[in-house]
1. For H22 paired with E71, estimate the spin-label separation in nm (one decimal), with each label point 7 Å from Cα along the Cα-to-Cβ line.
2. Which whole-Hz couplings ³J(HN,Hα) result when phi for each residue of segment 67-83 is put into the Karplus expression 6.51 cos²θ - 1.76 cosθ + 1.60, θ = phi - 60°, listed in order with x for Gly and Pro?
3. What is the extension gain from A82 to T57, computed as 0.36 nm multiplied by their sequence separation minus the C-alpha to C-alpha distance, in nm to one decimal?
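What follows is calculated from the coordinates using simple rules that are stated; it is not laboratory data. Since the structure is predicted, the reported quantities are computational estimates derived from the model, not experimental observations. Note: ideal-geometry Cβ built from the backbone for every residue, glycine included; neighbour counts use all protein chains shown.
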Amino acid sequence: MTTRPPMQPLGLGHWKHPLLGHRVVDHAHDDRIGILCAIAPDAKANAPGLVIGIPDTPLVAWLAPVTGGVEWTTDPDEIEAAK
């Protein structure tokens, strides 16, 4: 994995990342390839129910399957650009 540049806040708990919208390899999940949709806190890790604020949880990378389907999350340090 490569060192990522410093991330910048976009608001509402989301962070700018140079690979947003691009295909990435998720090394934490058997090198699964997905589209990086967001870097944001994992609301599910906070508590069940309605989320009305920015969760005070670690940032995760939100990935979507290339062909569509259910998103998954992973550690942002575990992704890199797909070749």
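1. 2.0 nm
2. 8, x, x, 7, 5, 9, 10, 7, 5, x, 6, 9, 10, 8, 4, 6, 8
3. Working: separation 25, 0.36 × 25 = 9.00 nm, distance 2.71 nm.
Gain on extension, A82 to T57, equals 6.3 nm.
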